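Below is one structure, written out as structure tokens; the observations come after it.
The values are calculated or read from the model by the stated rules, or taken from the named source; none is laboratory data. The shown structure was predicted, so the numbers you read here are calculated from the model rather than taken from an experiment. Counting neighbours? That spans all protein chains shown, and the Cβs are built from the backbone with ideal geometry, glycine included. Accessible surface areas use protein heavy atoms only, side chains included; no ligands, DNA or RNA. Shrake-Rupley method; radii C 1.70, N 1.55, O 1.52, S 1.80 Å.
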Amino acid sequence: MRVIVINSGSSSIKYETFDLNGLSSASKGILERVGTPDSRLKHRWLSSSGTWKEIVETRPVADHREGFSFIFEVSSRAQSGSMETEVFAVGHRVVHGGEKFREPVIIDDTVLRTIEELIPLAPLHNPANVRGIKVMQDLLPRVRQVAVFDTAFHQTMPPMAFHYALPYDLYQSAGVRRYGFHGSSHQYVAKEASRYLGIPFDKLNLITLHLGNGASATAIEKGKSVDTSMGLTPLEGLIMGTRCGDLDPAVHFYLARKTGRSFEEIEDILNRESGLTGICGTNDMRDIQSRANGGDAQAALALEMFCYRVKKYIGAYYAALGSVDAIVFTGGIGENSAIVRNKSCEGLAGIGIIPDVRRNNAADNGVREIQAENSRVKILVIPTDEEREIAKQTIEVIEIENRKDSTIGDTMSSHKEHNDRK
Ligand code: AMP
């Protein structure tokens, strides 16, 4: 039996399958440019000889329904058994769960309707998530589908952290508050840190830094998120590949008045043309580092700004937590860029955060510590695996449901026995 994890985006579908037994990855892939004549599917699978194989195919794919059929067809051709057989459950990444969902849930009509009602909060993401769920429900009608929300892990934030200082009525009537995202990633690396450090999860204080094309920081107190850098939308907080992060809200009105740009144009600038791209023209940290190395002033500025913002959040979350067991770097940049890790921790010796140059530069792919001997706070690098976390949570929620069912079954049969005896 296997679990399929789906991340259905507006123009792409990412997926991974895991064997229920031991949760090892069996296949994964990405279909890009959905809705165009040249959709490209890259499918990888673990062959019977234990090596990963890969197939790449391009064809017109009109929509998500055709996309999933394409994925199933290619996977069944590539593997001996097709992907849609022996499926225990499907776990869907859903970006926005609002205040409605604090945990993963098995999807029924009410859940699906609620996710749809949350679309105004995530107009770029939730519609594509819903599309993925509906297609999978049609293709695998007897298989349970679970929604795992990016926002759920942060629902433990206290009111002082999640409220904006806006008229309270805007929270009550329109749900304007901070929600936070990247929950599965922060939760996954936090659990890995707990395992690695041998400290129980509910006793662990961490600052987790997910630094990829999207980037966010989370303060975790005793295993619970108590603050996070993304807000109502993923635009707030750290500097990202193309998103600006924290900004004076007045920039918005000023730009509209001064340049006559529309609402949508400004939204586009802040989401797609800002961040690293806005400063130096690219969102690829590898290019930025090598350009900065070669003396490119714009690239150097982008790098400095990115790391300075991370450092400010480390300081703020240190203050919020009072004591920190470890800082965790993850995401494409956090896992791979020694320069970013070093610069983000520069000058923090006063609060016990001291990276070690040799350990930080060592090429390694697994969980590792990079702090100096005299660093009070551990500094960890932990590869994230959001898909595995979604698979784990999917299995857990179904097992809980199965236990409930069997308890109800037991109760009913003991009632029956009792009545029979009477
Ligand atoms: P993600 O969104 O997590 O896949 O991360 C994408 C970001 O990670 C991009 O900015 C990449 O340039 C960056 N990245 C990937 N590998 C490296 C590397 N070896 N050094 C620096 N940045 C990297």
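Just checking, does the stretch 352-364 include any residue being buried (at least 18 other Cβ atoms within 10 Å of the Cβ), within 15 Å of the ligand (Cβ to nearest atom) and assigned to a helix (DSSP H, G or I)? Checked against the condition, which is being buried (at least 18 other Cβ atoms within 10 Å of the Cβ), within 15 Å of the ligand (Cβ to nearest atom) and assigned to a helix (DSSP H, G or I), the stretch 352-364 yields at least one hit.
Residue under question is Lys222, and the condition is that it be of a type in the set (Lys, Arg), surrounded by fewer than 16 Cβ atoms within 10 Å (Cβ to Cβ), away from the ligand (no atom under 15 Å from the Cβ) and within 22 Å of the chain's Cα centre (by Cα); does it hold? Steps first, answer last, please.
Numbers: of a type in the set (Lys, Arg): yes; surrounded by fewer than 16 Cβ atoms within 10 Å (Cβ to Cβ): yes; away from the ligand (no atom under 15 Å from the Cβ): yes; within 22 Å of the chain's Cα centre (by Cα): yes.
When the stated conditions are applied, Lys222 passes them.
Scan the stretch 299-340 for residues that are in a helix (DSSP H, G or I), open to solvent by less than 30 Å² (accessible area, probe 1.4 Å), within 16 Å of the ligand (Cβ to nearest atom) and within 14 Å of Ser216 (Cα to Cα) and the total you get is 6. Restricted to helices (runs of 4 or more DSSP H) entirely inside the stretch 132-212, those with at least 1 residues that are open to solvent by less than 10 Å² (accessible area, probe 1.4 Å) and within 16 Å of the ligand (Cβ to nearest atom) are 183-197. Of the residues making up the stretch 231-246, at least one is open to solvent by 40 Å² or more (accessible area, probe 1.4 Å), within 28 Å of Ile314 (Cα to Cα), within 17 Å of the chain's Cα centre (by Cα) and acidic (Asp, Glu).
Go through the residues of the stretch 60-73 one by one and say whether even a single one is within 23 Å of Phe181 (Cβ to Cβ), assigned to a loop (DSSP other than H, G, I, E, B) and touching a strand residue (DSSP E or B) at 6+ places or on another chain (Cβ under 8 Å). Scanning the stretch 60-73, I find no residue that is within 23 Å of Phe181 (Cβ to Cβ), assigned to a loop (DSSP other than H, G, I, E, B) and touching a strand residue (DSSP E or B) at 6+ places or on another chain (Cβ under 8 Å), so the answer is no. Does Gly347 meet the test of being touching a residue at least 24 places away in the same chain (Cβ under 8 Å), touching a Gly at 6+ places or on another chain (Cβ under 6 Å) and within 26 Å of Gln289 (Cα to Cα)? Considered against the rule, which asks whether it is touching a residue at least 24 places away in the same chain (Cβ under 8 Å), touching a Gly at 6+ places or on another chain (Cβ under 6 Å) and within 26 Å of Gln289 (Cα to Cα), Gly347 comes out as no. Restricting the stretch 1-34 to residues that are of a type in the set (Gly, Ala, Ser) and assigned to a strand (DSSP E or B), the residue that is nearest to Val148 (Cα to Cα) is Ser8. Scanning the stretch 366-392 for residues that are in a helix (DSSP H, G or I) and either open to solvent by less than 20 Å² (accessible area, probe 1.4 Å) or within 16 Å of the ligand (Cβ to nearest atom) (or both) yields Glu386, Glu387, Arg388, Glu389, Ile390, Ala391. As a summary of the residue check, Pro123 satisfies the conditions (1) open to solvent by less than 40 Å² (accessible area, probe 1.4 Å); (2) not in a helix (DSSP H, G or I); (3) not basic (Lys, Arg) except for the one numbered (1). Residues in the stretch 251-298 that are more than 16 Å from Gly212 (Cβ to Cβ) and touching a Phe, Trp or Tyr at 6+ places or on another chain (Cβ under 7 Å): 0 in all.
Mind listing whichever residues of the stretch 262-276 are open to solvent by 40 Å² or more (accessible area, probe 1.4 Å), assigned to a helix (DSSP H, G or I) and either within 12 Å of the ligand (Cβ to nearest atom) or more than 20 Å from Gly332 (Cβ to Cβ) (or both)?
At the first step, the residues of the stretch 262-276 found to be open to solvent by 40 Å² or more (accessible area, probe 1.4 Å) are 262-265, 267-268, 272-273.
Applying the additional criterion that residues be assigned to a helix (DSSP H, G or I) yields 263-265, 267-268, 272.
Hits for the stretch 262-276 are Phe263, Glu264, Glu265, Glu267, Asp268.
Please work out which residue is farthest from the chain's Cα centre (by Cα), limiting yourself to the stretch 283-298 and to residues that are more than 30 Å from Leu206 (Cβ to Cβ) and surrounded by 17 or more Cβ atoms within 10 Å (Cβ to Cβ). Among those that are more than 30 Å from Leu206 (Cβ to Cβ) and surrounded by 17 or more Cβ atoms within 10 Å (Cβ to Cβ), it is Asp296.
Pro37 satisfies every condition listed in (1) open to solvent by 70 Å² or more (accessible area, probe 1.4 Å); (2) assigned to a loop (DSSP other than H, G, I, E, B) except (2).
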